Amino acid sequence: MSYVLDWQAVQEKIRREAWAKTVYDNLLETTEWWVNHYADDPGRITGWGHNYFCEACGSRIDFEREAPHANICQSCGHANKGARFDQAWNYLYRDEAHKHVFYAGVLYRLTGDVRYPAYIRRVLSFYCDHYEELQVDVPAGYVGKIAGINLCDAVGMIWLLQGMELIKETLSTDELWRYKSRLFDPQVELLEKLCTNIHNITCWMKAAVGMTGMFFGDNSYVERALEGPFGLLEQLQQGVTAEGFWYEGSFHYHFYCVEPFTYFLLFARIYNVACNGMEEIVKRMYVFPAELAFDNGVFPNPNDGWPNIALTHYAGQYEYANQLFPDEAFEYALSRSYETYYRPTMAYGGMIENSPQGWVQRLLFGKGKYAGEEMIRITKNYPTSQICSLRAGKTALFMKYGLNTRSHAHPDVMNIELFDADCLWSHDISSNGYGSFLFLEWQRKTIAHNTVIVDGVDQVYVERGVVEQFEPERNRIRAQAKDVYPGVDYMRDIQLQEGCLSDTFEVISADEHQTDWLFHCQGEMETAFETQPCAPIGSEFGYQHLMNLRVGSTDDSWSIRWVMAERTLTLRMEGCVGTEIYVFEGYEDTTAKKRAGVLVRRRGRGAVYRALYTIE
């Protein structure tokens, strides 16, 4: 078996289908630049990609391959100066060089142009000639060699191996020995000793080790990748929930984790390596997100990840999945990935890149039209994944009621997201670069989510929640989380109808506390009660980023609404003595994007917030 079964069919797509010709032309243009201009330097110190976010506004800085270390933010124009930005640029240069090794391999197969294998040889020879000289500057515990952090080394190795696979018949025995002994063997030894846990990073490392073994015919590497307490098989057994969700509870990290397994399985088919049931779990990992996506293709976005992710951003992975083990869920996902469903994202890395016409994966494995029948997606609880999806007609609600791990978790148990008729009214903003002040001071704080804060500090809850009552026929869930704060339990009871949501949030405590109930929403906010400007109500835990803060007080029931073109969401809340209602603006993924929110403050031994949301 070869990487692509029929290269002539790919060439036919390019000749006959406009989308394929556009993808091919774009692939040719970007790869030609690297073929003609690639010039790495062993003196470059590679850093951490998560540092490549503007220090002024929090936006991702666009990588400009022809402007080393300019680091100009395209959102606000700020020039980001300093080693951490320059070193992140150095990493991104190498990351792009690695991807273009794969792209060059594809173009060699399509054109026979020997300049493409020559580019691949140049990149490999650079590492072989300078391996010992290479330097990185990254957080302790993440030290790699060729691409900054060790994770990015593994990702880079996988791109290199795929490009090498596509030109393998042009590589001599001496060349193969040189690349293995001078680059891949040292990399395997570096990564192997770091594989000490069940984690998405370890998955990439083990996949890189195994694919190295398959490519070079070293069965010991393949065995080390598959077997053992932290091998790929155990990663799937321990790391994937019964429903098929990666245990870190993030849709982006779910896709990021399953990506290396996808490449590994393709190589395993090429080299006839048995994977002992890996295929079944990996397939389930691709079906699972398609069940949870909102009707416009956008995903719920709990915990760390990237903002505003959708099916379109993982179209490349679904093309591979549909090639490896075809499924109607993958056809549905791909039918919601291109043309009008395409949307840009600030995310980078892996196969997340796409365009309205698709990218190289669609060119190799995809087609012009996908089946795209509506998936029957129903109200469903996912107890081992600690999430629930309620659906009623065009209205959908996503709820996170617990955690399986602290890794990549946000302190936001009982958070909800609300979708109706193509509009994601209230969404989890997730996170951007981990070096961004927005991530550290806002996105990963409880206050940025639709939940409750006690005494003005982040939740400390790290346990699994319990569903006390689940009635799918009534679209109702009642979930409890114990010790969200010491001695404080939460209970949230939600029932969904089309265009309407009833929500009871109980804070259970024997001691007196201050509680802040939060809801963030898209649209222009209109209040039905009088408010006055007020001073900041906190200086940390995200409170310092509440903007245009106003306050009103009432003991009675009240309402507030958010208005968009031809649609209105109205929130009504039952009254309670001593209620303070704060309205504000809060950030989304950058300081340029804001949304209006409401914070409802009460004091006492516990609290009960009864709310009704209607969308008209």
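The values are calculated or read from the model by the stated rules, or taken from the named source; none is laboratory data. Everything quoted here is computed from the prediction, not taken from an experiment. All Cβ positions, glycine included, derive from the backbone under ideal geometry; neighbour counts span all protein chains shown.
Before moving on, here are some points about what is shown:
- Taking the conditions (1) under 22 Å from Gly58 (Cα atoms); (2) modelled with pLDDT under 95 in turn, Tyr461 satisfies each one other than (1).
- Hits in the stretch 522-561 (condition: within 31 Å of the chain's Cα centre (by Cα) and surrounded by fewer than 16 Cβ atoms within 10 Å (Cβ to Cβ)): Glu524, Gly538, Ser539, Glu540, Gln544, Met547, Asn548
- Only listed residue being farther than 22 Å from Ala421 by Cα, acidic (Asp, Glu) and in a strand (DSSP E or B), chosen from Glu526, Glu506, Glu530: Glu506
- Cβ-Cβ under 7 Å pairs, at least 6 apart or on other chains, the stretch 553-570 side free of Cβ contacts under 8 Å to residues at least 60 places away in the same chain, far side assigned to a strand (DSSP E or B) and charged (D, E, K, R): Ser553/Glu580; Ser557/Arg572; Ser559/Arg572; Arg561/Glu526; Val563/Glu524; Val563/Glu526; Thr568/Arg561; Thr570/Arg561
- A count restricted to the stretch 562-594 and to residues that are surrounded by fewer than 19 Cβ atoms within 10 Å (Cβ to Cβ) and within 32 Å of the chain's Cα centre (by Cα) stands at 11.
- Phe245 vs. criteria under 19 Å from Glu279 (Cα atoms) and touching a residue at least 60 places away in the same chain (Cβ under 8 Å): yes
- Single residue of the stretch 415-449 satisfying the filter (over 20 Å from the mean Cα position of the chain (by Cα) and in a loop (DSSP other than H, G, I, E, B)) that is nearest to Asn51 (Cα to Cα): Asp422
- All conditions in (1) part of a loop (DSSP other than H, G, I, E, B); (2) crowded, with 24+ Cβ neighbours inside 10 Å; (3) more than 18 Å from the chain's Cα centre (by Cα) hold for Phe330, with the sole exception of (1).
- Flag for Thr340 being in contact with a His (Cβ under 8 Å, 6 or more places away or on another chain) and of a type outside the set (Phe, Trp, Tyr): no
- Looking at Asp489, Asp455, Asp483, Asp493, just one residue is buried (at least 17 other Cβ atoms within 10 Å of the Cβ) and charged (D, E, K, R), and that residue is Asp493.
- Filter result for Asp86 (out of contact with any helix residue (DSSP H, G or I) (no Cβ under 8 Å at 6 or more places or on another chain) and within 14 Å of Gly49 (Cβ to Cβ)): yes
- All positions within the stretch 357-395 that are hydroxyl-bearing (Ser, Thr, Tyr) and within 21 Å of the chain's Cα centre (by Cα): Tyr382, Thr384, Ser385, Ser389
- The selection criterion, being buried (at least 16 other Cβ atoms within 10 Å of the Cβ) and either without any contact (Cβ under 8 Å) to a residue 60 or more places away in the chain or within 27 Å of the chain's Cα centre (by Cα) (or both), does not hold for Glu12.
- Per-region count, the stretch 89-127, residues more than 27 Å from the chain's Cα centre (by Cα), among the β-branched types (Val, Ile, Thr) and farther than 19 Å from Asp174 by Cβ: 1
- Filtering the stretch 593-616 to residues that are within 23 Å of Met547 (Cα to Cα) and aliphatic (A, V, I, L, M) leaves Ala596, Val598, Leu599, Val600.
- Filter result (closer than 30 Å to Val222 by Cα, more than 14 Å from the chain's Cα centre (by Cα) and in contact (Cβ under 8 Å) with a residue 60 or more places away in the chain) within the stretch 274-323: none
- Given (1) over 30 Å from Val454 (Cβ atoms); (2) touching a residue at least 24 places away in the same chain (Cβ under 8 Å); (3) part of a loop (DSSP other than H, G, I, E, B), index of the condition Arg362 fails: (3)
- Residue among Gly523, Gly578, Gly542, Gly606 that alone is without any contact (Cβ under 8 Å) to a residue 40 or more places away in the chain, on the phi > 0 side of the Ramachandran plot, small (Gly, Ala, Ser) and not assigned by TED's automatic domain parsing to the domain that holds Ser59: Gly578
- The stretch 142-171 residues that are of a type in the set (Lys, Arg), paired with ones that are at pLDDT 95 or above (beta carbon under 8 Å, 6 or more apart): Lys145/Tyr131; Lys145/Leu134; Lys145/Val136; Lys145/Asp153; Lys145/Pro186; Lys145/Gln187; Lys145/Leu190; Lys168/Phe215
- Pairs with Cβ under 8 Å, 6+ apart, first in the stretch 18-44 and assigned to a loop (DSSP other than H, G, I, E, B), second buried (at least 16 other Cβ atoms within 10 Å of the Cβ) and aromatic (Phe, Trp, Tyr): Tyr38/Tyr119; Asp40/Tyr93; Asp40/Phe126; Pro42/Phe126; Arg44/Tyr93
- Every pair of residues 6+ apart whose Cβ atoms lie under 6 Å, when the first sits in the stretch 62-78 and is touching a residue at least 12 places away in the same chain (Cβ under 8 Å) while the second is surrounded by 16 or more Cβ atoms within 10 Å (Cβ to Cβ) and not in a loop (DSSP other than H, G, I, E, B): Phe63/Leu92; His69/Asp86; His69/Trp89; Asn71/Phe85
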